[in-house]
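Undergrad: Got a structure for you, questions after.
The values are calculated or read from the model by the stated rules, or taken from the named source; none is laboratory data. What you see is a predicted model; the values in this text were computed from it and never measured. Don't worry about glycine lacking a Cβ; one is built from the backbone with ideal geometry, like all the others, and counts go over all protein chains shown. Heads up: the accessible areas ignore ligands, DNA and RNA and are worked out on the full protein's heavy atoms, side chains in. Shrake-Rupley method; radii C 1.70, N 1.55, O 1.52, S 1.80 Å.
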Amino acid sequence: MTSPAAALRTAFLLAAACAAGGAAAATGAAAPARAAAPEPPARSSLSDSVRVTFLVQAPASTPGNATLWISGNVPELGEWNGAGLRLAARGGGRHAATVALARGTALQFKVTRGGWDTVEKDERGGEIGNHVATATGDDTLRLAVRTWRDQAEPPAASRARTLTGNVVEMAAFSSRFVRERRVWVYLPPGYAADSSARYPVVYFHDGNNVFDAATSFLGVEWGVDETAERLIPTGGLPPFIAVAVANTPDRAAEYTPAADARHGGGRAADYARFLVDELKPRVDSLYRTLPDPAHTAVAGSSLGGLVSLWLGLERPDVFGRVACISPAAWWANRDMVRRAGAAAGPRPGQRTWIDIGTHEGTASAGRAEWLEDARALRDALISRGWREGASLHYEEVAGAAHNEGAWAARIDRVLAFLLAP
């Protein structure tokens with residue numbers, strides 16, 4: 001019989017082979033694609049949990065005051081937020097932490113110093129594949145970081161830019177409420193030619209994934225610019241402006257209105273003040289927008305889906321159209337489901353999209369719960385007056401997983417819903 005330790009070691013050998021043969025080669029690859037995350041172990045019995053210890057050897061170049069983190073695909077590892085499980089320094093460059101997981105949890109993860117600008121790299125500064133393991137029993141996973149992204153020389157092959165159409169970058173957008181970040185603005189065909197036309201606006205969270213493979217998770221973008229350039233000229237979409245707001249190491253905090261017992265968070269109010277009081281006024285002043293809520297949408301996936309829905313409920317006077325894509329509705333023990341169930345009801349013209357893939361979560365511990373959570377969000381809104389087919393669109397996407405590729409495959413339909421008159 002294979003021991004749990006042997007099974008974990010086998011998984012790591014397989015991961016190393018995959019990294020050598022198929023890892024994305026990219027200078028400045030941000031975070032890895034967010035793999036489907038299982039439901040938090042709080043839903044599993046304690047008798048069916050295991051304890052996994054991460055023991056990481058940092059390179060000599062690591063700053064002496066650095067804090068190391070494990071960031072990965074499950075809630076206990078932060079769902080790829082760049083700073084999921086904090087490691088404690090043990091001396092001699094070693095760092096460790098132990099986490100309880102549901103038995104059978106499939107893990108994918110990397111080591112960072114708090115964000116994707118400091119993620120681990122190979123000896124030459126190249127991209128590495130995700131570490132993988134399966135939590136079959138109590139065990140210790142031993143890792144050695146070779147170098148960090150901010151200390152490495154760029155690999156020979158850099159990731160190609162894929163910006164399409166007229167995309168303007170508002171670099172280093174500062175705020176009184178949240179961290180500075182990059183913002184990109186897509187302007188539709190004909191914008192420069194017609195100086196009188198005004199356009200609806202869609203604001204996207206995780207904006208680094210929206211337009212450009214060079215800034216997105218392992219080179220997979222949503223393709224909003226390509227979709228717009230393809231469909232606007234044929235009438236498949238009305239002309240619109242898209243604003244892509246980059247995430248930061250504070251992603252989990254900014255995208256959640258309530259703190260989770262294991263993962264913290266709860267700074268969505270600060271993020272909302274940034275969007276409503278600082279970014280939107282700037283966009284409205286620089287570009288010919290239609291600034292009313294009927295022509296202003298907000299869209300995001302996972303935790304970005306949660307904050308999109310929350311913004312629609314809290315600030316319907318600003319955001320009249322909402323896309324809540326693949327929501328991580330388990331956060332804070334279904335906090336968003338409770339908020340939706342206490343909502344005042346939709347305003348005239350308010351419109352909300354909710355979807356979920358049938359392969360989100362894991363086969364062993366999560367798919368049913370993710371579907372149940374999304375259905376609970378739908379039912380909560382219906383109980384407050386939203387109507388499917390009118391103010392609410394809900395769907396379960398057969399075979400879709402929790403990643404950028406799946407969201408790109410349906411972004412045309414999401415945009416058509418948000419922008420329909």
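Undergrad: Only residues that are of a type outside the set (A, V, I, L, M, F, W, C) and surrounded by fewer than 19 Cβ atoms within 10 Å (Cβ to Cβ): list them for the range 383-409, please.
TA: Matches in the range 383-409: Ser383, Arg384, Gly385, Arg387, Glu388, Gly389, Ser391, Glu395, Glu396, Gly399, Gly405.
Undergrad: Can you tell which of Leu371, Leu311 is in a helix (DSSP H, G or I), in contact with an Asp or Glu (Cβ under 8 Å, 6 or more places away or on another chain) and either hydrophobic (A, V, I, L, M, F, W, C) or surrounded by fewer than 20 Cβ atoms within 10 Å (Cβ to Cβ) (or both)?
TA: Answer to the check: Leu371.
Undergrad: Being in contact (Cβ under 8 Å) with a residue 60 or more places away in the chain, among the small types (Gly, Ala, Ser) and either buried (at least 17 other Cβ atoms within 10 Å of the Cβ) or touching a helix residue (DSSP H, G or I) at 6+ places or on another chain (Cβ under 9 Å) (or both) is the filter here; which residues of the range 187-220 pass it?
TA: Correct list: Ala214, Ser216, Gly219.
Residue-wise test of (1) aromatic (Phe, Trp, Tyr); (2) closer than 18 Å to Trp184 by Cβ; (3) open to solvent by 40 Å² or more (accessible area, probe 1.4 Å).
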{"residue": "Val224", "(1), (2), (3)": "no, yes, no"}
{"residue": "Thr227", "(1), (2), (3)": "no, yes, no"}
{"residue": "Thr234", "(1), (2), (3)": "no, no, yes"}
{"residue": "Asp270", "(1), (2), (3)": "no, no, yes"}
{"residue": "Glu278", "(1), (2), (3)": "no, yes, no"}
{"residue": "Arg282", "(1), (2), (3)": "no, yes, yes"}
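Undergrad: Output the strands (runs of 3 or more DSSP E) that fall wholly within the range 138-196 and possess 3 or more residues being over 30 Å from Arg51 (Cβ atoms) and at pLDDT 95 or above, or say none.
TA: Of the strands (runs of 3 or more DSSP E) lying wholly inside the range 138-196, those with at least 3 residues that are over 30 Å from Arg51 (Cβ atoms) and at pLDDT 95 or above span 166-173, 181-187.
Undergrad: Assuming Asn247 fulfils every condition listed in (1) in contact with a helix residue (DSSP H, G or I) (Cβ under 7 Å, 6 or more places away or on another chain); (2) open to solvent by less than 30 Å² (accessible area, probe 1.4 Å); (3) closer than 28 Å to Thr227 by Cα apart from one, which condition is it?
TA: (2)
Undergrad: Which of the residues spanning the range 284-302 are open to solvent by less than 10 Å² (accessible area, probe 1.4 Å) and either at pLDDT 95 or above or touching a Cys at 6+ places or on another chain (Cβ under 9 Å) (or both)?
TA: Once the filter is applied, which keeps residues that are open to solvent by less than 10 Å² (accessible area, probe 1.4 Å) and either at pLDDT 95 or above or touching a Cys at 6+ places or on another chain (Cβ under 9 Å) (or both), the range 284-302 yields Thr289, Thr296, Ala297, Val298, Ala299, Gly300, Ser301.
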